[in-house]
Each structure stands twice: as structure tokens, then as C-alpha cells.
1. Taking amide H positions as placed in the peptide plane 1.01 Å from N, state which residues far from Gly187 in sequence (5 or more) or on other chains have amide H under 5 Å from it.
2. Quick one: net charge around Ala175, please, counting Lys, Arg +1 and Asp, Glu -1 for every other residue with C-beta under 15 Å from its C-beta.
3. Would you count, across the stretch 11-207, every pair of lysines whose alpha carbons are under 18 angstrom apart, provided the pair is eight or more residues apart or spans two chains?
4. If you add up the charges near Ser79, with Lys and Arg at +1 and Asp and Glu at -1, over every other residue whose beta carbon is less than 12 angstrom from its beta carbon, what do you get?
5. Can you check what the net charge comes to around Ser193, using other residues whose Cβ is under 11 Å from the Cβ of Ser193 (Lys, Arg +1; Asp, Glu -1)?
6. Exposure proxy check: Arg56, Arg83 ranked by fewest other beta carbons within 10 Å?
7. Suppose we take every Cα in the chain and form the convex hull; what volume per residue is that in Å³?
Amino acid sequence: MIGAFYQPIAVEIDTDVLTSLPDREISAGLAEVVKYGLIMDDDFFKWCEDNAHGLRTRDPALLTQAIRRSCEFKAEVVSQDEREGGLRAILNLGHTFGHAIEAGMGYGQWLHGEAVGCGMVLAAALSEKVCDLPSASVTRVKNVVQAIGCPTTAPALDGFEQWMTLMRGDKKTQAGEIKFVLMPKIGQAIVRSAPADAVQAVLKAHCDITDTKAA
Ligand SMILES: [Zn+2]
């Protein structure tokens, strides 16, 4: 029923806006585009890998296609969510770690998309530990995030405890248990919790946390 209200998606890109946006804003926006490939469509992820340079350098045809596909993916998730419920949470890939970065650094220091891009690298590393994402796939995620111009190394913040406190504030947290969007493989997403030691190992590997008081 609700699906009947979806209109065909028309995307127009104002090229003046695209040329005036700072590089960081373009990179941040592309992180959310890559996200759709990771959670829904491995072919689209491959397309992002193949076109990362053109996207980052604002090729209008590529950006138009990237934005149109992203809108289609989002509409698909939302419409499926109306029928089955819960699916919408996968749109938060990279956001549990990302929101911690944004809040921990002070809002505005990292752009939202930059934090999400970095967060997707951490989510991929955690996926390798808890749901068998192949390490080659983790490398692909890191490489594409780097190629679109987003950071791949996270800030240490005030150590593991602050990371956990900030992530516990995420809206997906249930009964104090942090829920992560993870990938058993590229193009597929699940929402689940992860053992604290796996989370800590990922943070240690990606943000130079030397503070071991929580270990
Ligand atoms: Zn976002």
C-alpha cells in the first residue's frame, strides 16, 4: 500500500553546487553512497571501487548515477521496512562508530560522512572478527574509503571506555547492549551485538589506543 505512493525517482544535479562544494563535503557524501553497495549490492560496491577517482573528482555523469542509485536503494530499504520492519537499521552501517567519532571529537570537527566512512572501515574489521567477512573484503572497504578521500584511521578519543560510553548512546542500543551493523559479506548487512574484546581489538588496531585500563 505504502509502496504505491513512491514516485519514480528523478535526480537533477546542480553542477554549480558540485563545483562550489569543498572537497571534504564531496568525500563525506560519497561515504554514504559506498554504504549502499556494502549493505545491499556487491555489484554497486564494485562500481564505486572502479569509479572512485571519477566520483571524487566530480564527474557529473558518475555523480548523477551515484545519487540516483542511492535514492533507489534507500526507497527500497524503506519500503521493505514498512512491510517487514527493522530493515531500516542497516542504513546505519558505520554510524555506531561514526557517531562516537563525531561526538567524541566535538561536532563539526569531522563531517558526518567522514566519520561514517571511517566507521565503515571499523565495522568491516569487526565483521571479520564476528561474522567471517573475508580479510580481503576488509581491505577493499578500507581502500575504497581512502580512494573517495575519507579518513581510515579513527581518533583514539579518551580511550576504549570513552568509545564504549559514546557508542552505548547509539539509538540501536538495547538493554545496554550495543548493536552494530555488520557484513557477513559485501552487499549483505545484519544487525547484532559483538563481544567487547572484539570491539576493543578493532579499536586498538585502527586508532592507536594504548590505554589498556579497560582490558
Ligand atoms: Zn549518515
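Only the coordinates and a few stated rules stand behind these numbers; no lab work does. All of these numbers come straight from a predicted model, not from anything done at the bench. Backbone-built Cβ (ideal geometry, glycine too); neighbour counts: all protein chains shown.
1. Ile39, Met40, Asp41
2. On the way: positive: Arg168, Lys171, Lys172, Lys179, Arg192; negative: Asp170, Glu177.
Around Ala175, the charge tally is +3.
3. 15
4. Numbers: positive: Lys74, Arg83, Arg88; negative: Glu72, Glu76, Asp81, Glu82, Glu84.
Surrounding charge for Ser79 is -2.
5. Working: positive: Lys172, Lys179, Arg192; negative: Glu177.
So the surrounding residues net to +2.
6. Numbers: Arg56 18, Arg83 10.
So the residues, fewest neighbours to most, are Arg83, Arg56.
7. Taking the convex hull of the Cα positions in the chain, it is 120 Å³ per residue.
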